[in-house]
Amino acid sequence: MTTCLILWNSATSVEIAAGCGCKCKWWPWRRKDEIRMSGQGNPNGNRSRRALITGITGQDGSFLAEFLLARGYEVHGVVRRASTFNTERLDAIYADPHNQGVRLSLHYGDITDGAALRRTLDRAQPDEIYNLAAQSHVRVSFDQAEYTADAVATGTLRLLEAVRDYTVAGHAVRLYQAGSSEMYGAARPPQDENTTFYPRSPYAASKVAAHWYAVNYREAYKLFICNGILFNHESERRGETFVTRKITRGLARIKMGLQENLYLGNLNAKRDWGYAKDYVEAMWMMLQQTEPGDFVVATGESHSVSDFLDLAASYLGLDWKKYVKEDPRYLRPTEVDCLCGDAAKARAKLGWVPKVTFPQLVKLMVEHDLELAGQETTLTKAGHQVAQRGASQR
Ligand code: NAP
Ligand code: G4F
């Protein structure tokens, strides 16, 4: 046990006393008599650690929530109001809030609504915040550029401002910012933490802005903030308009005779694809370090969209060339040709390595979507009407 020598300085909001020997400089807002630091212990006392996740209903948010609940965290999530249910990915962990001991709480909010974010911080009192909320579709960001900037760039700034005030009010908190390999855009592979960003879409430019806001708040206000620069990561929960899921859903439905063709854009683009469950663990690991930093998270392998098609179709015994048609609506005005990450820093400092290989990833997605197509076939054969989900703009 070390006792921190730092004194709260209300004039500058955050003041780090020189010569303090303990590891508490990232909790500088605590008064001397309040701080008892011990290893990774929780500076907010003995209660369970609390995490707040923006974007909890998304692919990563849902895996991260499960991961944190399994580690004893109390998890809070920001959910947008929608006219349809948008919490499907949380079904496995959702519990009625009227029950005793429920450790998952959902709060209505939006990354474009600063007042609601501040209220959520006050209610949830998090020790860790994971900012995953985003309009995350690159092609859509060309159609909705202003909204993408508002959610991805200014949304992050709103949250950082709220976090800054939250710490001034005496709370200790660490923040993870969801950065993206899209920020590298046209930069030559392999890309690592020292590669210069060259964004190629409104989405990527907004993520670059968010990245630098986060670095600036870390330096200006001594906040514990980590930027994760994650390369593409996929899963059976991946949104159905991203290329990997579009392929596994489409080919599985073709296999079952539920659709005839699959319309795609550029098949030559190469991506470094990993498994989302592995990647959320890296997010958490970043926030458990003694110092904040920025980390690339990637497999180090790159494959083209047609490689993905080859593998997925081979699991299904299909020749995809008979079914895949090109549709220019899925092309981007400026494309990112090749992403391939060098995650040496994450390996060395976090001890993070991806567990699921590319062939395993494709297989698990195909198997999942074959099961979905099977369910659809059974219902159709039994005379039920099954609606095609989001058919037109995929
Ligand atoms: P996702 O499945 O598209 O999830 C995005 C989440 O953000 C959803 O929960 C969505 O809510 C929420 N959201 C969107 N707009 C919002 C707003 N205005 N206010 C509050 N919440 C909002 O994305 P993901 O794949 O899980 O990715 C998570 C984060 O990592 C994103 O920031 C993404 O840009 C970034 N990232 C992803 C990858 C990847 O390969 N998956 C790689 C690098 C970085 P709804 O469910 O209501 O739509
Ligand atoms: O699956 P995608 O839409 O993913 P993209 O653009 O790489 O972005 C994803 O990964 C980023 C990390 O690098 C995240 F930050 C971002 O939020 C998102 O999760 O497209 C992958 C590639 C592209 O080159 C695209 O042009 O697939 C190509 N593609 C070919 N046909 C297609 C299609 N992409 C989509 N979505 N739909 C197609 O029909």
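The values are calculated or read from the model by the stated rules, or taken from the named source; none is laboratory data. What you are looking at is a predicted structure, and each value in this text was computed from that prediction instead of being measured. Here Cβ is always computed from backbone atoms with ideal geometry, including for glycine, and neighbour counts include all displayed protein chains.
Return the residue satisfying two criteria in turn: it lies in segment 34-92 and is assigned to a loop (DSSP other than H, G, I, E, B) and acidic (Asp, Glu), and of such residues it is modelled with the highest pLDDT. Ranking the qualifying residues of segment 34-92, first place goes to Asp91.
Going by what's in this entry, would Arg218 be described as within 8 Å of ligand 2 (Cβ to nearest atom), more than 24 Å from Thr377 (Cβ to Cβ), charged (D, E, K, R) and out of contact with any helix residue (DSSP H, G or I) (no Cβ under 7 Å at 6 or more places or on another chain)? Judged against the criteria, Arg218 is not a match.
In segment 316-332, of all residues being surrounded by 15 or more Cβ atoms within 10 Å (Cβ to Cβ) and in a helix (DSSP H, G or I), the one that is farthest from ligand 2 (Cβ to nearest atom) corresponds to Leu316.
In segment 182-191, the condition of being among the hydrophobic types (A, V, I, L, M, F, W, C), free of Cβ contacts under 8 Å to residues at least 24 places away in the same chain and within 13 Å of ligand 2 (Cβ to nearest atom) is met by at least one residue. Inside segment 333-359, residues that are surrounded by fewer than 18 Cβ atoms within 10 Å (Cβ to Cβ) and touching a Pro at 6+ places or on another chain (Cβ under 6 Å) make up a count of 0.
Within segment 240-263, the residues that satisfy the criterion of being within 16 Å of ligand 1 (Cβ to nearest atom) and under 18 Å from Leu331 (Cα atoms) are Glu240, Thr241, Phe242, Val243, Thr244, Arg245, Lys246, Ile247. Within segment 178-233, being part of a loop (DSSP other than H, G, I, E, B) and touching a strand residue (DSSP E or B) at 6+ places or on another chain (Cβ under 6 Å) holds for Tyr184, Pro189, Asp192, Glu193, Phe231, Asn232.
When you look at Val324, is it in contact (Cβ under 8 Å) with a residue 40 or more places away in the chain and farther than 30 Å from Tyr213 by Cβ, yes or no? Criteria met by Val324.
Scanning segment 93-117 for residues that are part of a strand (DSSP E or B) and either within 19 Å of Phe63 (Cα to Cα) or in contact with a helix residue (DSSP H, G or I) (Cβ under 6 Å, 6 or more places away or on another chain) (or both) yields Leu104, Ser105, Leu106, His107. Within segment 218-236, restricting attention to residues that are within 27 Å of Ser62 (Cβ to Cβ) and more than 11 Å from ligand 1 (Cβ to nearest atom), the residue that is surrounded by the fewest Cβ atoms within 10 Å (Cβ to Cβ) is Glu236.
For segment 177-208, the candidate set comprises residues that are more than 15 Å from ligand 1 (Cβ to nearest atom) and of a type in the set (Gly, Ala, Ser); within that set, the residue that is surrounded by the fewest Cβ atoms within 10 Å (Cβ to Cβ) is Ala186. Being closer than 16 Å to Tyr315 by Cα and touching an Asp or Glu at 6+ places or on another chain (Cβ under 7 Å) holds for only one residue in Leu361, Leu370, Leu339, and it is Leu361.
In segment 194-205, what residues are in contact (Cβ under 8 Å) with a residue 12 or more places away in the chain and more than 15 Å from the chain's Cα centre (by Cα)? Phe197, Tyr198, Pro199, Arg200, Ser201, Pro202, Ala205, listed by residue number. For Leu230, indicate whether it is within 10 Å of ligand 2 (Cβ to nearest atom), within 20 Å of Met285 (Cα to Cα) and either of a type outside the set (Asp, Glu) or under 17 Å from the mean Cα position of the chain (by Cα) (or both). Spelling it out, Leu230 is indeed within 10 Å of ligand 2 (Cβ to nearest atom), within 20 Å of Met285 (Cα to Cα) and either of a type outside the set (Asp, Glu) or under 17 Å from the mean Cα position of the chain (by Cα) (or both). Being within 12 Å of ligand 2 (Cβ to nearest atom), assigned to a loop (DSSP other than H, G, I, E, B), out of contact with any Pro (no Cβ under 7 Å at 6 or more places or on another chain) and acidic (Asp, Glu) holds for only one residue in Glu240, Glu291, Glu260, and it is Glu240. For segment 286-294, the criterion of being within 13 Å of ligand 1 (Cβ to nearest atom) and either crowded, with 17+ Cβ neighbours inside 10 Å or among the hydroxyl-bearing types (Ser, Thr, Tyr) (or both) is met by none of the residues.
Take the conditions (1) among the hydrophobic types (A, V, I, L, M, F, W, C); (2) farther than 26 Å from Tyr184 by Cβ; (3) surrounded by fewer than 16 Cβ atoms within 10 Å (Cβ to Cβ); Ala313 misses just one of them, which is (3).
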